[in-house]
Amino acid sequence: MPINCASRLYMNNKIKCLLLIFSGLYATVVQADNYLLTMSQDDKACQRLYQLFNGDLMTNGKLALEEHEEFNWLKWDQPYFIIRQKSELEPNFEDELLSENEYEQEYASYTKYFYKGAFFDVDNNGVDEFISFERRGPHTYQNRAYDNIYIYKKDSYKRLRGAKSDQQFSPAIGYVGRFTNSYVLKEYPIKRKTVYTTGAISHSWPNLSDPYIRPLLLDKTYYIASFGNVDTRITGQEFIFNQSIDEKNAIAIVKFIPSYDAEKIENQPRLLSTGQPSNETQDICYFVKTQAIQQGVGDD
């Protein structure tokens, strides 16, 4: 039977609920490191995914998302590139190519960054959006491995192709929102509360960091599935940056519910850096690996 903390997650200490359940069941868990369902806002969807993820581990010893229709429906088949000019130089498209890799091409006066995308109804409003996908890896700071997706209105694709980088996230080009290298798990309890001498109060929530992002289609509803690392005591050599999807220790299933408010969209990159929960997402399920809970997820 699925192990589900959801009914207890509204107790005062939700993380301790996870630890109590884990301590009681650890001796009977056959699989060394399976997923626990630690939060559910939709039992039907979350239980189905619980069976899918743990079924893969039982059968293959690892996730096999490409074998499941919930994940393998999507093809990133709409390529485009963004131009970032160097200093004050106006891009000269007759420049010779200086260097290139799978992510970018460098020229004397500009750099060309490559993306790929797809059209689907990510916010379930009956109208397709254009979703851009970017894999980050060996060329990033500390070789961190994660994905970014950027969400645009459907007609943005033609404006994005060859656009300058300072236009990439503007409402004028049709930008709506993003999922990037950190996601606040707002259905977990506040991890830390700080009261400053000025009277100001700040809160810290657990985060899912460096996620691999996979759009998910379940019963004609679109979700975002993020496979990342939830707060743990894993440090040093145990926390390898260029991880595979199976080395990530948690999964968040999220619905995207944008407001399409131009002012909010304009401020979104700044707001995302504050570590506050987004009002434009709805967290549906959390899954955490048993070994991550054993090491003390979110427990200061």
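The values are calculated or read from the model by the stated rules, or taken from the named source; none is laboratory data. If you're wondering where the values come from, they're calculated on a predicted model, not measured in any experiment. Note that each Cβ is placed from the backbone with ideal geometry, even for glycine, and that neighbours are counted across all protein chains shown.
I'd like the full set of residues that are among the hydrophobic types (A, V, I, L, M, F, W, C) and over 18 Å from the mean Cα position of the chain (by Cα), limited to region 31-60. The answer is Ala32, Leu36, Ala45, Leu52, Leu57, Met58.
When we screen Tyr50, Tyr107, Tyr103 for residues that are modelled with pLDDT of 95 or more, among the hydroxyl-bearing types (Ser, Thr, Tyr) and surrounded by 13 or more Cβ atoms within 10 Å (Cβ to Cβ), the only hit is Tyr50. The numbered conditions (1) free of Cβ contacts under 8 Å to residues at least 40 places away in the same chain; (2) of a type outside the set (Ser, Thr, Tyr); (3) in contact with a helix residue (DSSP H, G or I) (Cβ under 9 Å, 6 or more places away or on another chain) are all true for Ile82 except (1). Of all residues in region 73-99, those that are surrounded by 13 or more Cβ atoms within 10 Å (Cβ to Cβ) and either modelled with pLDDT of 90 or more or in contact with a Leu (Cβ under 6 Å, 6 or more places away or on another chain) (or both) total 9.
I need the strands (runs of 3 or more DSSP E) fully contained in region 100-180, keeping only those with at least 1 residues that are over 28 Å from Gly228 (Cα atoms).
Where strands (runs of 3 or more DSSP E) fall fully within region 100-180 and carry at least 1 residues being over 28 Å from Gly228 (Cα atoms), they are 104-107, 110-120.
I'd like to check something: does region 37-56 contain any residue that is among the charged types (D, E, K, R), in a loop (DSSP other than H, G, I, E, B) and in contact with a strand residue (DSSP E or B) (Cβ under 7 Å, 6 or more places away or on another chain)? Within region 37-56, one or more residues are among the charged types (D, E, K, R), in a loop (DSSP other than H, G, I, E, B) and in contact with a strand residue (DSSP E or B) (Cβ under 7 Å, 6 or more places away or on another chain).
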